[in-house]
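Working notes, structure below.
The values are calculated or read from the model by the stated rules, or taken from the named source; none is laboratory data. Quick caveat, the model's predicted, so the values are computed rather than measured. Cβ placement follows ideal geometry from the backbone for every residue including glycine, while neighbour counts extend to all protein chains displayed. The area values use the complete protein model at the heavy-atom level, side chains included, leaving out ligands, DNA and RNA. Shrake-Rupley method; radii C 1.70, N 1.55, O 1.52, S 1.80 Å.
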Amino acid sequence: MSRVTRRQWLRLAGATLASAGIATRLYAAPPGGPRFLLVFLRGGYDATNALIPYASSFYYEARPTIAIPRPDPAVSGGALALDANWALAPALRDSIGALYQQHQVAFVPFAGTQDLTRSHFETQDSIELGQPLGGARDYRSGFMARLHGSLVPAGSVAVPAISFTDALPLSFQGPGQIPNISMKSVGKPPFDDRQVRILTDMYAGHPLEPAVASGLELRRQVAQAMQTLDDEMRSASRNALSIKGFELEAERMARLMRDSYRIGFVDIGGWDTHVNEGAAQGALAANLTGLGRGLGVFAQSLGAEWKNTVVVVLSEFGRTFRENGNRGTDHGHGSVYWVLGGAVNGGRIAGEQQRLERANLFQDRDYPVLNDYRALLGGLFRSLWALTPAQCAQIFPQIAPLDLKLI
Amino acid sequence: MSERLLLADARNRVFGVAVSLAAALAVVACVAPATRSGAAPAAAELALLSREDAVWLERVSFGLDSATVAAYRRLGRGRYLEQQLTAGNESLPAPIAAQIHALQTPPLDAGEILQTLQQRRKAADAMVEGPDKEQARKALNDDGNRLAYQAVRLQLLRAVYSPAQLREQMVWFWLNHFSVYQYKGDLRWLVADYEEHAIRPHALGKFRDLVLATLEHPAMLQYLDNSQNAAGHINENYARELMELHTLGVNGGYTQQDVQQLARVLTGVGINAGPVPHLKPQWQKLYLRRGAFEFNPARHDFTNKVLLGRNIAGQGFGEVEQAVTLIVRDKACARFISRELATYFVGDAPPPHLIETMAQTFQKTDGDIAATLRTLLLSAEFAAPRTAKFKDPMRYVLAAVRVAYDGRTISNTRPLLDWLNALGEAPFARQTPDGYPLTATNWESPGQMSRRFEIARAIGTGNVHLFDPEDGGAATATGFPQLSNRLFYEAIEPFLAARTRAALAQAGSPQEWNTFLLAAPEMNYE
């Protein structure tokens, strides 16, 4: 059939091409089941000024202008003592501190990767890929995608995953098509069902077909969910507390994870504090405040499902233990990971630790890595989904899961 | 013939609007396949571009428009490329040249800008707390936003309209390679100057000059903190990124030790928009000042250094020049830059032997960017690419606007910026110094595709504000673009896939037809 007659035929006969039939198939919400959200702080957050090693006098020597004062019951709103060694930054006191006191947060200090490039990008890539170091890298295989893949029985979509980002992160690169959509701003869907069908048909058989189908469907679904959420918030907020920034994002993420998704990813930038980092107040404190509040909103908005949910907050590396010449800190090594959730075995500092004194610093500058992130996350995933050894090895090859009894 | 007329008639009837040129061309276009198969001669006045030429030209431009195609036809590939590689003073369409002239009047350099900014900030700080002080601070902040947006306008207008398309692509490429983020420090005031004086003059020049121009620019000095780097107060941020992101690449053979040594070399390289500091006599002759760039020997670490296994004797700014020369002549630098260029122009996994050939040119010519590009753009791999290249958001948005409006002057670049923001690739908005990714995997996710389609719809339906004056007056033009134009039939239509044609055939209006075309796979790849 020449294209002219075909085109005519289509018009005159009013024929419709078969729909790809994608609607509602991809994102049916499975009942119950665990949920996992990974929050990636890009830029290397200064863990030492979030979880403060206040028992270490060396901390106060090493950070003459940016150390956060020791917890003092006489001072309201200061650092919150968590145990004899560690205190929580004042910026996190009301949000994460409250969850900690309900045993819903555990911190894992000295966590991270053995990657030593101290490059943001190299280390972020290396963590997101989650592959053994030193081998050839497969940039089409991120650990979140492998987690998702290991949980999906062939042919079904039991554990839907989503990335709350404008672009798909490396951690979700893989053979399955993970949808992505940022929660920063969401509006009405631009296309009606007929247009969605035509656009999807245009990509039938094309390598981008799954991305196109899933993108258009997700857009429709999110618009619907957000409409409901907005209505609820509007009717509920007679004392209209308007939330914005990461809190608003978190509220929206919680809605989608409550109703439709089981694995999520979000990243937050702006943690690279080389200059004027601040202490109890300042640049880092402002970032931590927004993060803490957002996570608080997330926990609250999940409602009953919070008890089935685990959130891990991590970053590519920690920062130098000593402050630099510009009242900031430079790229370091070990970090502090956060594990949050309604059923988390929290209210404690988990994992292998050591005293913080000069002799114990890695290369005389950083936290060492005593808790490998692959083992840590592997152990967490194993408990969360009762994974088999084969599934664990698929997600994080060549490393034994570390059971920190986090759940 | 009756069948063809019927179609043209049907299109007119269905769309219910004047599509005279399109209708006429549609008739002709319907003959085209027969012409190509040799059965029917005389495809009237249409001169089809071959697929190879169309792809080649699309890749060395921000998308096809009539002027670009005409220049290519007139000159042929070889001369067209030479002209693009040696593009001197730009000959922009008069209305665009006028807009650009207005944006650059009065001409200011970074030094003057910073000086004024610091004075105004000081005056605002000295005011007593109250509405006046608030007002002064707000005025400063508004000015910052205005200047940053001017920089974006300058970049986008030239990218859409300049006949020197390859140079505009290279300006984008290097701005991305030496990426800076407008929301740090005073950068909103500096990014226009950074593009104009650090990047643009060297975009097709010598790589070493480009590195030094960025190294000395206050935008880079602030962004990567080297203005804070001084003897006894080492800040290694810029030193690391200079090797990792700008020159050698992360596996380029340097160590943490090299980073620390280079950071020492770079001590004292900073910014000063105020008076020359009082210095000891022996330091006065080592002091350097160009605009707001300063080398202050009082802040420099004069010890001897070892960088990449070579000794660098403590001597002042000469160390910096020596270190940069050493780095850019390293084989790793030639390979890294060649790989980045090939990824941008060829695709995600450029053939290793192409990179090697380019790296040889780079080294032989002492880092000549035009020469390295010539090797790339005349290579067999580039002439006959094995796979189509997925357009990044900048290429996608610009190509859509170029083909849709084909030289018509837009008066407002705000919609372009909004679209680039929505797709996550706006100018001067990459927070991290690695620049936007060059590979397709970062831009072809589900969320990206649905956003693209929304943009396709915005452009296709004319439901945009490209013709609103920037100052908020009444629109200078309305309506939707005429995409089924001569350019379409000569350079795009012949290569459309059957499924794209099927989608177009289902369009219920010209606006929807435009939307489907701009959303089609053919418009997302080059």
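Restricting to segment A:378-393, name every residue that is within 11 Å of residue A:130 (Cβ to Cβ) and modelled with pLDDT under 95.
none
Would you confirm whether or not segment A:189-196 contains a residue that is open to solvent by 50 Å² or more (accessible area, probe 1.4 Å), more than 7 Å from every other protein chain (Cβ to nearest Cβ) and more than 26 Å from residue A:226 (Cα to Cα)?
Checking segment A:189-196: not a single residue is open to solvent by 50 Å² or more (accessible area, probe 1.4 Å), more than 7 Å from every other protein chain (Cβ to nearest Cβ) and more than 26 Å from residue A:226 (Cα to Cα).
Does residue B:279 satisfy the criteria of being farther than 24 Å from residue B:116 by Cβ and crowded, with 18+ Cβ neighbours inside 10 Å? Spell out the reasoning first.
Working: farther than 24 Å from residue B:116 by Cβ: yes; crowded, with 18+ Cβ neighbours inside 10 Å: no.
It is false that residue B:279 is farther than 24 Å from residue B:116 by Cβ and crowded, with 18+ Cβ neighbours inside 10 Å.
Take segment B:245-258 and flag every residue that is touching a Ser or Thr at 6+ places or on another chain (Cβ under 9 Å) and modelled with pLDDT of 95 or more.
Across segment B:245-258, the qualifying residues are B:245, B:246.
Considering only segment B:176-197, I want to know if a residue exists there that is among the basic types (Lys, Arg), modelled with pLDDT of 95 or more, part of a helix (DSSP H, G or I) and within 14 Å of the chain's Cα centre (by Cα).
Let us first name the residues in segment B:176-197 that are among the basic types (Lys, Arg), namely B:184, B:188.
Still in the list and also modelled with pLDDT of 95 or more: B:188.
Checking which are part of a helix (DSSP H, G or I) leaves us with B:188.
When the remaining residues are screened for being within 14 Å of the chain's Cα centre (by Cα), the result is none.
No, segment B:176-197 has no match at all.
For residue B:520, are the conditions met, namely being open to solvent by less than 10 Å² (accessible area, probe 1.4 Å), at the interface with another protein chain (Cβ under 9 Å from one of its Cβ atoms) and without any contact (Cβ under 8 Å) to a residue 24 or more places away in the chain? Break it down into steps so the answer makes sense when it comes.
On the way: open to solvent by less than 10 Å² (accessible area, probe 1.4 Å): yes; at the interface with another protein chain (Cβ under 9 Å from one of its Cβ atoms): yes; without any contact (Cβ under 8 Å) to a residue 24 or more places away in the chain: no.
Criteria not met by residue B:520.
I need the helices (runs of 4 or more DSSP H) fully contained in segment B:424-517, keeping only those with at least 1 residues that are modelled with pLDDT of 90 or more and within 13 Å of another protein chain (Cβ to nearest Cβ).
Values: elements: B:446-461, B:486-491, B:498-505.
Hits in segment B:424-517: B:446-461, B:498-505.
Say whether the condition of being assigned to a loop (DSSP other than H, G, I, E, B) and more than 14 Å from chain B (Cβ to nearest Cβ) is met by at least one residue in segment A:219-236. Step through it out loud before you land on a result.
Within segment A:219-236, the first condition is being assigned to a loop (DSSP other than H, G, I, E, B), and the residues that meet it are none.
No, the conditions are met nowhere in segment A:219-236.
I want to confirm something. Restricting to segment A:63-81 and keeping residues that are open to solvent by less than 30 Å² (accessible area, probe 1.4 Å), assigned to a loop (DSSP other than H, G, I, E, B) and not charged (D, E, K, R), which single residue is modelled with the lowest pLDDT? Spell out the reasoning first.
Pass one, segment A:63-81, residues open to solvent by less than 30 Å² (accessible area, probe 1.4 Å): A:63, A:66-68, A:78-80.
If we keep only those that are assigned to a loop (DSSP other than H, G, I, E, B) as well, we get A:63, A:66-68, A:78-79.
Checking the rest, the ones that are also not charged (D, E, K, R) come to A:66-68, A:78-79.
Values: A:66: 97, A:67: 97, A:68: 97, A:78: 93, A:79: 96.
Once the filter is applied, the top-ranked residue is A:78.
Could you please find all residues in segment A:116-141 being at the interface with another protein chain (Cβ under 7 Å from one of its Cβ atoms), in a loop (DSSP other than H, G, I, E, B) and open to solvent by less than 20 Å² (accessible area, probe 1.4 Å)? Please lay out each step first, then the result.
The first filter runs over segment A:116-141 and keeps only residues at the interface with another protein chain (Cβ under 7 Å from one of its Cβ atoms), leaving A:117-122.
Those left that are additionally in a loop (DSSP other than H, G, I, E, B): A:117-119.
Result: A:118, A:119.
Here is a list: A:356, A:387. Which entry is touching a residue at least 60 places away in the same chain (Cβ under 8 Å), closer than 30 Å to residue B:259 by Cα, open to solvent by less than 40 Å² (accessible area, probe 1.4 Å) and over 20 Å from the mean Cα position of the chain (by Cα)?
On the way: A:387 fails: closer than 30 Å to residue B:259 by Cα.
Exactly one residue qualifies, and that residue is A:356.
Within segment B:212-245, which residues are among the polar types (S, T, N, Q) and open to solvent by less than 20 Å² (accessible area, probe 1.4 Å)?
To start, the set of residues in segment B:212-245 that are among the polar types (S, T, N, Q) comprises B:214, B:222, B:226-229, B:235, B:237.
B:214, B:226, B:229, B:235, B:237, listed by residue number.
Which residues, counting only those in segment A:197-218, are of a type in the set (S, T, N, Q) and more than 7 Å from chain B (Cβ to nearest Cβ)? Let's see the steps before the verdict.
Taking segment A:197-218 first, the residues of a type in the set (S, T, N, Q) are A:200, A:214.
Of everything in segment A:197-218, just one residue is of a type in the set (S, T, N, Q) and more than 7 Å from chain B (Cβ to nearest Cβ), namely A:200.
On the given criteria, is residue B:342 part of a helix (DSSP H, G or I) and crowded, with 19+ Cβ neighbours inside 10 Å? First the steps, then the outcome.
Values: part of a helix (DSSP H, G or I): yes; crowded, with 19+ Cβ neighbours inside 10 Å: yes.
Yes: the conditions hold for residue B:342.
Name the single residue, out of those in segment A:267-291 being surrounded by 23 or more Cβ atoms within 10 Å (Cβ to Cβ) and more than 13 Å from chain B (Cβ to nearest Cβ), that is nearest to residue A:324 (Cα to Cα).
This residue is A:284.
So, residue A:254, is that one away from chain B (no Cβ under 14 Å), in contact with a helix residue (DSSP H, G or I) (Cβ under 6 Å, 6 or more places away or on another chain), more than 26 Å from residue B:222 (Cα to Cα) and without any contact (Cβ under 8 Å) to a residue 60 or more places away in the chain or not? Explain how you work it out, then say what you get.
On the way: away from chain B (no Cβ under 14 Å): yes; in contact with a helix residue (DSSP H, G or I) (Cβ under 6 Å, 6 or more places away or on another chain): yes; more than 26 Å from residue B:222 (Cα to Cα): yes; without any contact (Cβ under 8 Å) to a residue 60 or more places away in the chain: yes.
Judged against the criteria, residue A:254 is a match.
State which residue is surrounded by the fewest Cβ atoms within 10 Å (Cβ to Cβ) when the search covers only segment B:258-276 and only residues that are of a type in the set (Gly, Ala, Ser) and at negative phi.
First, the residues of segment B:258-276 that are of a type in the set (Gly, Ala, Ser): B:263, B:268, B:270, B:273-274.
Retained after the next criterion (residues that are at negative phi): B:263, B:270, B:273-274.
Numbers: B:263: 22, B:270: 22, B:273: 20, B:274: 12.
Of everything passing the filter in segment B:258-276, B:274 is surrounded by the fewest Cβ atoms within 10 Å (Cβ to Cβ).
In the list B:22, B:40, which residue meets the criterion of being surrounded by 12 or more Cβ atoms within 10 Å (Cβ to Cβ), touching a helix residue (DSSP H, G or I) at 6+ places or on another chain (Cβ under 6 Å) and either modelled with pLDDT under 55 or within 14 Å of chain A (Cβ to nearest Cβ) (or both)? I'd like the intermediate steps shown before the answer.
Details: B:22 fails: touching a helix residue (DSSP H, G or I) at 6+ places or on another chain (Cβ under 6 Å).
Of the residues listed, the single one that is surrounded by 12 or more Cβ atoms within 10 Å (Cβ to Cβ), touching a helix residue (DSSP H, G or I) at 6+ places or on another chain (Cβ under 6 Å) and either modelled with pLDDT under 55 or within 14 Å of chain A (Cβ to nearest Cβ) (or both) is B:40.
When you check residue B:448 against the structure, is it among the polar types (S, T, N, Q) and touching a Phe, Trp or Tyr at 6+ places or on another chain (Cβ under 7 Å), yes or no?
Details: among the polar types (S, T, N, Q): yes; touching a Phe, Trp or Tyr at 6+ places or on another chain (Cβ under 7 Å): no.
Taking the combined requirement at face value, the residue does not satisfy it.
Looking at this structure, is residue B:111 closer than 30 Å to residue B:390 by Cα and touching a helix residue (DSSP H, G or I) at 6+ places or on another chain (Cβ under 9 Å)?
Working: closer than 30 Å to residue B:390 by Cα: no; touching a helix residue (DSSP H, G or I) at 6+ places or on another chain (Cβ under 9 Å): yes.
Against the criterion (closer than 30 Å to residue B:390 by Cα and touching a helix residue (DSSP H, G or I) at 6+ places or on another chain (Cβ under 9 Å)), residue B:111 does not qualify.
Yes/no matrix, rows are residues, columns are (1) out of contact with any Phe, Trp or Tyr (no Cβ under 6 Å at 6 or more places or on another chain); (2) assigned to a loop (DSSP other than H, G, I, E, B); (3) within 19 Å of residue A:38 (Cβ to Cβ); (4) charged (D, E, K, R):
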position: A:285; (1), (2), (3), (4): yes, no, no, no
position: A:292; (1), (2), (3), (4): yes, no, yes, no
position: A:295; (1), (2), (3), (4): yes, no, yes, no
position: A:300; (1), (2), (3), (4): yes, no, no, no
position: A:305; (1), (2), (3), (4): yes, no, yes, yes
position: A:313; (1), (2), (3), (4): no, no, yes, no
position: A:328; (1), (2), (3), (4): yes, yes, no, no
position: A:343; (1), (2), (3), (4): yes, yes, yes, no
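For (1) open to solvent by 20 Å² or more (accessible area, probe 1.4 Å); (2) within 12 Å of residue B:262 (Cα to Cα); (3) in a helix (DSSP H, G or I), each residue gets a yes or a no:
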position: B:298; (1), (2), (3): yes, no, yes
position: B:301; (1), (2), (3): no, yes, no
position: B:311; (1), (2), (3): yes, yes, no
position: B:319; (1), (2), (3): no, yes, yes
position: B:323; (1), (2), (3): no, yes, yes
position: B:333; (1), (2), (3): no, no, yes
position: B:336; (1), (2), (3): yes, no, yes
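Return the pair list, or none, for Cβ contacts closer than 6 Å from residues in segment B:280-293 that are part of a helix (DSSP H, G or I) to residues that are at pLDDT 95 or above, at least 6 apart or on different chains.
Here the result reads B:283/B:297; B:283/B:298, each pair linking segment B:280-293 to a residue that is at pLDDT 95 or above.
Would you tally the residues in segment B:100-153 being among the small types (Gly, Ala, Ser) and closer than 20 Å to residue B:181 by Cβ? Before you say what the answer is, go through the steps one by one.
Our first condition is that a residue be among the small types (Gly, Ala, Ser); within segment B:100-153, this holds for B:102, B:110-111, B:123-124, B:126, B:130, B:136, B:139, B:144, B:148, B:151.
Next, only the ones that are closer than 20 Å to residue B:181 by Cβ stay: B:110, B:144, B:148, B:151.
Summing the residues that are among the small types (Gly, Ala, Ser) and closer than 20 Å to residue B:181 by Cβ in segment B:100-153 gives 4.
Do you know which of the residues in segment A:321-353 that are among the polar types (S, T, N, Q) and crowded, with 24+ Cβ neighbours inside 10 Å is farthest from residue A:380 (Cα to Cα)?
Narrowing segment A:321-353 to residues among the polar types (S, T, N, Q): A:324, A:326, A:329, A:335, A:345, A:353.
From what is left, the residues that are crowded, with 24+ Cβ neighbours inside 10 Å are A:329, A:335.
Details: A:329: 30, A:335: 18 Å.
Here the residue is A:329.
How many residues does segment B:373-387 hold that are β-branched (Val, Ile, Thr) and either in contact with a Leu (Cβ under 7 Å, 6 or more places away or on another chain) or at pLDDT 95 or above (or both)? Spell out the reasoning first.
Initial filter on segment B:373-387 (β-branched (Val, Ile, Thr)): B:375, B:387.
Remaining after also requiring either in contact with a Leu (Cβ under 7 Å, 6 or more places away or on another chain) or at pLDDT 95 or above (or both): B:375.
Of the residues in that region, 1 qualify.
Do you know which residues across segment B:402-416 are open to solvent by 20 Å² or more (accessible area, probe 1.4 Å) and either outside any loop (DSSP other than H, G, I, E, B) or β-branched (Val, Ile, Thr) (or both)?
Passing the criteria: B:409, B:414.
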